[in-house]
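Inspection log for the structure reproduced underneath, given as structure tokens.
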Amino acid sequence: MHPRDRAHPGGALPAAANRTVKWMCIDANGVQTFIKADKRTLIQQFDLAIPIRDMRLLDSAAATSQRGNIAVREGAIVFSIDYAQLIITAEKAIVPQPPVGKVEHSEFVEKLLAAVREAAFARAHAEEVGEEASSLHSGSMSHSYNPELPSQPFELVALEAALKAVCASYDIKAKQLGATINPMCDALLKKVKTSTLDAMRRLKTKHQRLLSAVSTLRGELESFLKDDDDIAKMCLSRRADLSRDLVPGSSNANATLRRSSTLGRVVSGGSPKLNRQLSDSSGPLSPGAQELLDAEGDAEAMEEVENLLESYFILIDRTWDRLTSLEEDMKDTESYVNIDLDSSQNRLFRLDIILTAAAFSIEIFHVMAGILGENVPIPKQITQTVAQFWEVSLFDQSGRTTDRLSCTCRVTKISSRHNL
């Protein structure tokens, strides 16, 4: 089982669980209906088999760390990655009302509607073509013609729309960061400035946030690809069809129950021509042949989900590689800046030693003059003219200036290390 499926410690329900929220429901034909209800009422109204704690993932006021999960439950998928938040079932998608000013959420809803309506149009067109082909073959063949419809289940259409929007958004942000960070690194390699270091620090913060979000989505998809049970749970339409076949007293109820229990543990090793060979045979299918045909359908449904997750895992992994490469470039630039600052500090150390030695040599005369000043007679050459007085004053001031320069070197070393 997926790690997030484990029950969390119990406790009182938060006040947000009873807050009334406006929801938009999208059916398989792309028709929108709006309802206003709290989370518990929504679960009861649509008969969603999800715990109330999973609804916190759809709360816009929740922390960003809580909006990076894909929870697969019995008959529903709770998708909450960044701004893309929705509940996916076999027949509908439920989206919470976007907060005011959230442009990305509104664009995501439009993309979701466009994808659902496009899939509905393709499915209707395929059914129309199938009916025409069936009528053409009805006179020459003893059995009905059943063409394979090239349409995805509704849950995969909605899931693909959400993954596509999020992956595209992360990829665009990664490219924008790369276009900004690379010139900044080049500028630091030429000359280290405090303003450039501050700008790089802000970019590094944005990079870390984006890398964390991309790593979260990448980890989610990777964990699903490693767990066959979660992939089987994602076959919502297939499981719904099997549940509808479980009619009490029917002859194939037991066989359907066995197929439903083994969904997720089917190995796709059967012949791809099994469906065609069984349909070409004359007469009704035997129970064993029908069970094999259903098992083949289970494997195909799981394979379709796995292919979808794998394709978007490749896309998000490419974005993750780009962000990781940017992180390495920033670390290399930081190392170079550290080396350059260390070299500058070494030069300041040498200058500090020289100034300290000069100041010490001058201070000896100051000390001796202070001790013997009252007992040593002042030469007449110094007291006769003003110019000689200024010479003595400038000599004393040079010693004090040397002390100030030495202190300035120490402060410069400390401030340069603090800016880095």
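Shown in residue order for region 183-199 are the 3J(HN,Hα) couplings computed by the Karplus curve 6.51 cos²θ - 1.76 cosθ + 1.60 at θ = phi - 60°: x, 5, 5, 5, 5, 5, 5, 7, 8, 8, 10, 5, 5, 5, 5, 5, 5 Hz (x for Gly and Pro). Computed from backbone phi with θ = phi - 60° and the Karplus coefficients 6.51, -1.76 and 1.60, the 3J(HN,Hα) list for region 32-44 is 9, 9, 10, 9, 10, 7, 7, 5, 5, 5, 4, 5, 6 Hz; x is used for glycine and proline. In sequence order, what are the phi-derived ³J(HN,Hα) couplings for region 158-172 according to the Karplus relation 6.51 cos²θ - 1.76 cosθ + 1.60 with θ = phi - 60°, rounded to whole Hz, with x for glycine and proline? 3J(HN,Hα) across region 158-172, in whole Hz: 5, 5, 5, 4, 5, 5, 5, 5, 5, 5, 5, 5, 5, 5, 5.
Note on residue 303 and residue 117: their simple-model spin labels are 3.4 nm apart, each label 7 Å out from Cα toward Cβ.
I need the calculated FRET efficiency for the pair residue 44 and residue 202, taking r as the beta carbon distance and R₀ as 51 Å, to the nearest 0.05. Spell out each step's value before the answer.
Details: r = 47 Å, r/R0 = 0.92.
The pair residue 44/residue 202 has a calculated efficiency of 0.65.
Could you list which residues have their amide H under 5 Å from that of residue 21, counting only those 5 or more apart in sequence or on another chain, with H placed in the peptide plane? Distant-sequence amide H within range of residue 21: 37, 38. Under the simplified labelling scheme, the residue 33-residue 151 pair shows an inter-label distance of 1.9 nm, with each label point 7 Å from Cα along Cα→Cβ.
In the complete set of protein chains, residue-level accessible area for residue 110 is approximately 130 Å², probe 1.4 angstrom.
For residue 340 and residue 311, calculate 0.36 nm times their separation in residues minus their Cα-Cα distance, and state this gained length in nm to one decimal. Mind dumping the intermediate values first?
On the way: separation 29, 0.36 × 29 = 10.44 nm, distance 4.42 nm.
Full-extension gain reported as 6.0 nm.
What is the sum of charges around residue 218, taking Lys and Arg as +1, Asp and Glu as -1, for the other residues whose C-beta is under 11 Å from the C-beta of residue 218? Don't jump to the answer; show the numbers that get you there.
On the way: positive: 318; negative: 220, 222, 317, 321.
Cβ neighbours under 11 Å give a net charge of -3.
Residues 104, 327 ordered from highest to lowest accessible area at a 1.4 Å probe: 104, 327.
For the peptides 304-310, 86-92, the ranking by packing is 86-92, 304-310, with the highest mean count of neighbouring Cβ atoms within 10 Å listed first.
Near residue 46, no amide H atom lies under 5 Å from its own; only residues 5 or more places off or on other chains count, and H is placed 1.01 Å from N.
The values are calculated or read from the model by the stated rules, or taken from the named source; none is laboratory data. Everything quoted here is computed from the prediction, not taken from an experiment. Note that each Cβ is placed from the backbone with ideal geometry, even for glycine, and that neighbours are counted across all protein chains shown. Note: areas computed on protein heavy atoms with side chains; ligands, DNA, RNA excluded. Shrake-Rupley method; radii C 1.70, N 1.55, O 1.52, S 1.80 Å.
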